[in-house]
């Protein structure tokens, strides 16, 4: 099954947004750090968006979010790096399941 993430890095705001599905709204939210640099939007308890402020300095917070919510940490990091490499453009990434024997 192919999962899709959409990532957008707004260079003016220095903010990264990663959509983990096609949700048009959320019903809850949680921050991963005391400074609220990494915020997750939830719908029915599932993460639908990750917002990362000052992403170049805070990429490790994606790992915190991935561990806490059982997300694909490598996928989040790949989406973030792709968006940072091509700022101010919407990046769409497709992820398949991991291959046997890969870490």
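Just so it is clear, none of the values below were taken in a lab; they were calculated from the coordinates. As the structure is a prediction and not an experimental result, all values here were calculated from the model. Here Cβ is always computed from backbone atoms with ideal geometry, including for glycine, and neighbour counts include all displayed protein chains.
How many nm separate the modelled label positions at residue 86 and residue 4, each set 7 Å beyond the Cα in the direction of the Cβ?
Result for the modelled spin labels: 1.5 nm.
Rounded to the nearest 500 deg cm²/dmol, what is the calculated helix-only ellipticity per residue at 222 nm for the chain, with -39500 (n - 2.57) per DSSP H run of length n ≥ 4? Before the final figure, lay out each step's value.
Details: 3 runs with 27 residues, N = 103.
It lands at -7500 deg cm²/dmol.
Using 7 Å Cα-to-Cβ label points, what is the residue 95/residue 11 separation (nm, one decimal)?
For residue 95 paired with residue 11, the spin-label model returns 2.6 nm.
Taking neighbour Cβ counts within 10 Å as the exposure measure, how do 17, 11 sort from fewest upward? Kindly include the intermediate steps, with their values, before the conclusion.
Working: 17 19, 11 9.
In order of increasing Cβ crowding within 10 Å: 11, 17.
Post the alpha-carbon centroid distance, segment 1-23 to segment 38-54, in whole angstrom.
Using only Cα atoms, the two centres lie 10 Å from each other.
Mind sorting 67, 24 by how few other Cβ atoms lie within 10 Å of their own Cβ, fewest first? Don't skip to the answer; put the middle values down first.
On the way: 67 11, 24 6.
With the sparsest Cβ surroundings first, the list reads 24, 67.
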